[in-house]
Every structure is written in structure tokens, then in C-alpha cells.
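Worksheet for the structure shown next.
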Amino acid sequence: MKKTITLLTLIFCFLGFSQDKKSTKTGEITFEASVPSFEEVKATNKGVSCILNTQTGEIAALALVKGFRFKVALMEEHFNENYIESGKYPKAIFKGKIENFDASKLTDAPQKFTINGTLEIHGKTKNITSVALIKKSASKIEIDTNFSVQPEDFDIKIPSVVSKKVAKTVDVKCHFSL
């Protein structure tokens with residue numbers, strides 16, 4: 001009897017706390033560093049994990065760097081081995097907070113929110129501020145945001161041989177359905 005009560009208590013606690021968090025393992029991040037007149041430098045990762053605390057607005061996302069797919073396999077290989085060094089730095093991590101977030105006020109019409117946090121890539125961390133469009137869709141919360149970063153902020157070296165073919169600013173787009 002004591003074990004049954006303990007088990008039921010744990011289940012109810014877990015269910016109660018899980019109501020405060022929404023998550024996905026199929027979030028999508030696309031980045032582009034293309035330059036006009038040269039081959040497209042663009043990749044997408046469709047296996048990004050993201051978790052949102054609906055009570056506090058805290059948000060975190062984790063992308064395995066090797067999960068980014070390019071149209072050209074050789075470009076993907078160079079990205080992983082020479083630039084981002086995914087063997088040494090396998091993860092890209094964002095931790096932040098959605099300012100003035102109130103999940104109870106979300107509707108099916110996207111609303112603008114500011115997200116402040118830190119992005120860690122290639123062993124370096126940088127503060128990021130982004131405007132996100134957030135809406136409620138059925139029982140899910142949809143988050144769309146984009147921001148720009150510069151490779152040198154994360155000590156990512158672009159060799160001079162290809163530097164004219166890669167943009168100095170990388171545009172990043174994120175979509176999460178939690």
C-alpha cells in the first residue's frame with residue numbers, strides 16, 4: 001500500500017510539472033551564408049531539441065552540429081571538419097528567456113516577443129537578442145525567430161581561399177513546434 005501511494009504521488013508530481021514545459025526533438029534550424037554569384041552556402045538541421053518553460057518563459061535549444069545538411073556533400077564535410085570542428089565541438093546550445101511571456105494569452109495569431117539569451121558554438125558563447133513570432137496552434141506552441149551571427153565571434157576561421165564565397169554574416173532561422 002505504501003509503495004502504491006508513493007508511486008501515485010510521483011506520477012501526479014511528474015504530470016503536474018510536465019504541464020509547465022513544452023518540448024520537441026524535431027525543431028528546425030536553417031543557416032545561410034551565401035554570397036551572390038557563388039554557390040549557395042546553406043544548411044538545415046531538422047533534429048533540434050527545444051524546451052520551453054511556459055511558466056517562466058525560459059527556453060533552451062540544442063542542435064547537434066553534424067545534423068546540418070547541405071546540398072553539396074563536400075561542403076558539409078568541410079563545414080564539419082575544417083570550420084565548425086564538430087568532432088571537437090559537437091553541439092550548438094542556446095539558453096535564454098522570452099521576455100514578458102504569458103502562455104495563457106497566446107492565440108492562433110502570431111505575437112511578437114523578444115528573446116534574450118546566450119548562444120554557444122565552437123566553444124565560444126555570445127549574447128543573442130531576437131524577435132520571435134509565437135502563436136498557439138491546437139495544443140502546440142509555435143515559435144519562429146531569426147537572427148544573425150558572425151563566424152569570427154565564435155573563433156570560426158574562414159580560409160582566404162573561400163572567404164569571398166562565404167558571407168561575413170550568417171543568417172539563422174529557427175522553427176519550433178512544442
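What residue, of 60, 103, 33, is among the hydrophobic types (A, V, I, L, M, F, W, C) and at pLDDT below 90?
One residue alone meets the criteria, 33.
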Return the pair list, or none, for Cβ contacts closer than 7 Å from residues in the range 68-85 that are farther than 18 Å from residue 173 by Cβ to residues that are of a type in the set (Ser, Thr, Tyr), at least 6 apart or on different chains.
80/86
Of all the residues that make up the range 92-125, how many are in contact with a strand residue (DSSP E or B) (Cβ under 7 Å, 6 or more places away or on another chain) and in a strand (DSSP E or B)?
19
When the residues of the range 107-123 are narrowed to those that are modelled with pLDDT of 95 or more and charged (D, E, K, R), which ends up nearest to residue 91 (Cα to Cα)?
120
In the range 152-178, anything of a type in the set (S, T, N, Q) and farther than 20 Å from residue 110 by Cβ is listed as 160, 163, 169
Which residues, taken from the range 126-178, are surrounded by fewer than 17 Cβ atoms within 10 Å (Cβ to Cβ), within 21 Å of the chain's Cα centre (by Cα) and part of a helix (DSSP H, G or I)?
152, 153
Only one of 144, 155, 102, 171 is at positive phi and not basic (Lys, Arg); which?
155
For the range 55-71, check the following and say yes or no: at least one residue is under 14 Å from residue 31 (Cβ atoms) and part of a loop (DSSP other than H, G, I, E, B).
yes
Which condition does residue 79 not pass, out of (1) in contact with an Asp or Glu (Cβ under 7 Å, 6 or more places away or on another chain); (2) farther than 19 Å from residue 55 by Cα, if it passes all the others?
(1)
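The values are calculated or read from the model by the stated rules, or taken from the named source; none is laboratory data. The model shown is predicted, which means the values in this text are computed figures rather than measured ones. Note that each Cβ is placed from the backbone with ideal geometry, even for glycine, and that neighbours are counted across all protein chains shown.
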